[in-house]
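Single-structure report; data block below.
The values are calculated or read from the model by the stated rules, or taken from the named source; none is laboratory data. All values reported here derive from a predicted model rather than from experimental measurement. Cβ placement follows ideal geometry from the backbone for every residue including glycine, while neighbour counts extend to all protein chains displayed. These accessible areas exclude ligands, DNA and RNA; they are computed on the full protein's heavy atoms, side chains included. Shrake-Rupley method; radii C 1.70, N 1.55, O 1.52, S 1.80 Å.
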Amino acid sequence: MSLRFDLNEGLEEKLQSLEDLTWNVKQIQDEMVADILTVNANTEYLHRFLHGKFDKEHFKKNIPIVTYKDVQPYIERIANGEPSDVISAQPITGFTRSSGTSGGKQKLLPLNMNFLENIKFLRNICAFVICRHIDGAEQGKVMKFAFIKPESTTPSGLLVGAASTYFYKSDHFRNQTSNFDFACTSPTEIVLCRDNKQSMYCHLLCGLVQREEVVSVSAAFASTLVRAINFLEEYWKELCSNIRMAQVSEWIEDTSCRNCVSEILGEPNPELANLIEQECNQISWGGIISRLWPNTKFVECIVTGQMTQYISTLEFYSKELPIVSMNYLASEAVFGMNMNPLCKPQDVSYTFIPNMAYFEFLLVDEVNELKIVDLVDVKLGCYYETLVTSYAGLYRYRVGDILQVTGFYNNAPQFRFVRRKDVALSIDVETTTEEELLKAVTHARMVLESSDLMLTDFTCYADISTKPGHYVIYWELKAKNKNKILELDDKLLTECCYKVEENLGIRYRKLRSKEGSIGALEIRVVQPGTFDSVMNFFISQGASFVQYKTPVCLKSSDALANLESNVLTRYFSDKPPPPL
Ligand code: AMP
């Protein structure tokens, strides 16, 4: 059975590989755990717990379920110069740094060649599935907003970088010769530019010059695409002038970027500059993606989990285009992909790919019973937290994402991303999850629909300095009609506060309405650009631009202080929500 997805295979063979992969889930997973245990039998970690018996049964009985805190000392020993075999037989070639913006603290996670191969595998299989669903997806170019974050080193000299940076710097990305890794409008030099601002500008410039060839617009996360459009709003005049004169702006100082962009710019092109100016000058930027890139067939970026908050903004910019949310991965492992790319963003599920790691699932239920099942044994409708065992030295590691089983593709379970674990607001005995907050804010966002306002970003926190404590949501708003200044309508925003409360959980509503132990919910509208500066703050702390996700609930006091200093106005709910 083929466990790899061979780039040189024909379509029929590729399809067969996909079928094999998704039918033989049990066999692949069993072989994988057996292999990981055999290969790593001599590691200090497995020896400590398995005492010489390396079968799956012993593994399940004796290896503890761990969180990052438990394995951190082992990882740090390797970072400080001890050999990889503390946890892994294969050499640890570096560390990935998780963004830390989805679940709290940044983590250093071990990396080896297997991880990069898995990312390559995922990209190829995703491209194949996209081509099966979208005619002509491979017959043009992707305008892909990809960025790197410069690496640092551990005391022992191993590299520490974002997972995506490793990939973009690897030969896997540089030698993309396969027809199933789409051609991009930006040369690799732009992706590898160390300055994200120069990189963003050049991505747009290359994309605009090759506008006719663009068949899809993509970024890892929806937030990055929204940021790219915001950037375009700020820089389109300068971009047009570069195109008109065939001259790259002086501030693009990165020589490799300058050289390759100059080549793509070619001769002065006033017609194209005029055309772009005409589109950008329109009062509304609704549908701007398909207006500037008329052959675009789809937009690709992750729109699940924390990214659901960007769906409506993206829909506004992309109008009728399908938004395709293809993959689900983390610094710990590659998990899955969407087999139905054209489904609605709200219906996206990810099919777990069984040859990426050994996956187990911890049942999440009210009784708190510790029940762990294999990938093939998850039950439809149930909620689980994923445990990963990988070749890079993670064993039964809790990823911290809560998923719900929505179906099966052949024998491979499909999951809806529900939320990050432990990310919740609480004032009294209620706990409000990330998912509940996202839903409630979506309802409030609909109140804005009749107005000229658009919600571009938000984050929440529980303010317990007031008596009683209350939920605070920071909102960044923007005018849909770009010639208008931001006009805040008190009545509308007060109504938004109420809408959020009305759509929060029963416990919240009861404590707020009947018991009065939670105060009126507050929306604090911040200056335009504030969330960019929050992002820059997290980037200065080590997060990468590509992996950055605005936290749904904010814990960092520095980031909160930044938001606070940018508050324009405050609104409170003017009546308690119905308790039931
Ligand atoms: P990082 O390790 O910084 O790349 O962050 C990984 C985390 O991002 C995952 O554990 C998820 O919480 C989140 N994430 C990644 N892909 C998706 C996705 N497709 N949908 C929802 N959340 C995702």
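Dipole check for the chain: with +1 at the C-beta of Lys and Arg, -1 at the C-beta of Asp and Glu, and the Cα centre as origin, the magnitude is about 960 Debye. Here Lys197 is the anchor, and the aspartates and glutamates within straight C-alpha reach of less than 15 Å, apart from those fewer than 8 places off in the same chain, are Glu189, Glu233, Glu234, Glu238, Glu250, Glu253, Asp254, Asp532. Look at the alpha carbon pairs under 8 Å that are at least 6 residues apart: their mean separation over the length of segment 211-330 gives a relative contact order of 37 percent.
For segment 424-572, the share of DSSP beta bridges that are antiparallel, to the nearest 5, is 75%. Across all directions, the shadow cast by the convex hull of the chain built on its C-alpha atoms averages 26.4 square nanometres.
Cross-link partners for Lys499 among the lysines, with Cα-Cα distance under 16 Å and sequence neighbours closer than 8 places in the same chain left out: Lys439, Lys491, Lys510, Lys575.
Residues whose amide H comes within less than 5 Å of that of Phe145, counting only those at least five positions distant or on another chain, are Ser218, Ala219 (H built at 1.01 Å from N in the peptide plane).
The H on the amide N of Asp401, modeled in the peptide plane, is under 5 Å from the matching H of Thr386, Lys421, each at least 5 residues off or on a different chain. Counting only lysines at least 8 places from Lys56 when in the same chain, those with an alpha carbon closer than 17 Å to its own are Lys26, Lys371. Rounded to the nearest whole Hz, the Karplus-based 3J(HN,Hα) values (6.51 cos²θ - 1.76 cosθ + 1.60, θ = phi - 60°) of segment 344-358 follow the sequence 5, x, 5, 9, 5, 10, 10, 7, 5, 9, x, 9, 8, 5, 8, with x at glycine and proline. For the pair segment 535-580 and segment 436-478, the centres of their Cα atoms are 10 angstrom apart. The relative contact order of the chain comes to 14 percent, based on Cα pairs under 8 Å that sit 6 or more residues apart.
Ranking Ile65, Cys382, Asn503 by how far each Cα lies toward the positive end of the dipole of the chain (charges on Cβ) leaves Asn503 at the top.
For segment 463-578, the equivalent ellipsoid built from the Cα gyration tensor has semi-axes of 27, 19, 12 Å, listed from largest to smallest. As a fraction of the 1.4 Å probe accessible area of segment 1-151, surface on carbon and sulfur atoms comes out at 49 percent. The GluC sites (Glu not before Pro) found in segment 362-443 that occupy coil by DSSP, while having at most 10 further C-beta atoms within 10 Å, are Glu366, Glu369. Note on segment 424-572: with neighbouring protein chains present and a 1.4 Å probe, carbon and sulfur make up 51 percent of its accessible heavy-atom surface. Probing with 1.4 Å while keeping every protein chain in the model, the per residue accessible area of the chain equals 41 Å². Within the chain, DSSP assigns beta bridges of which about 70% are antiparallel (rounded to the nearest 5).
Considering only Leu493, Val25, His51, and ranking their Cα positions along the charge dipole of the chain that arises from unit charges at the beta-carbon of Lys, Arg, Asp and Glu, the one farthest toward the positive end is Leu493.
Extending 7 Å from the Cα toward the beta-carbon at both Phe572 and Met245 defines two label points whose distance is 5.5 nm. Go through Lys69/Lys120; Lys120/Lys169; Lys107/Lys421 and tell me which ones have a Cα-Cα distance over 21 Å in this structure. Pairs exceeding the cut-off: Lys69/Lys120.
Working from Cα pairs under 8 Å separated by at least six residues, relative contact order for segment 424-572 is 29 percent. Residues whose amide H falls under 5 Å from that of Asn269, counting only those 5 or more places apart or on a different chain, are Arg244, Met245, Ala246, with hydrogens built in the peptide plane. Heavy-atom accessible surface of Trp23, to the nearest 10 Å², is about 130 Å², with a 1.4 Å probe and all protein chains retained.
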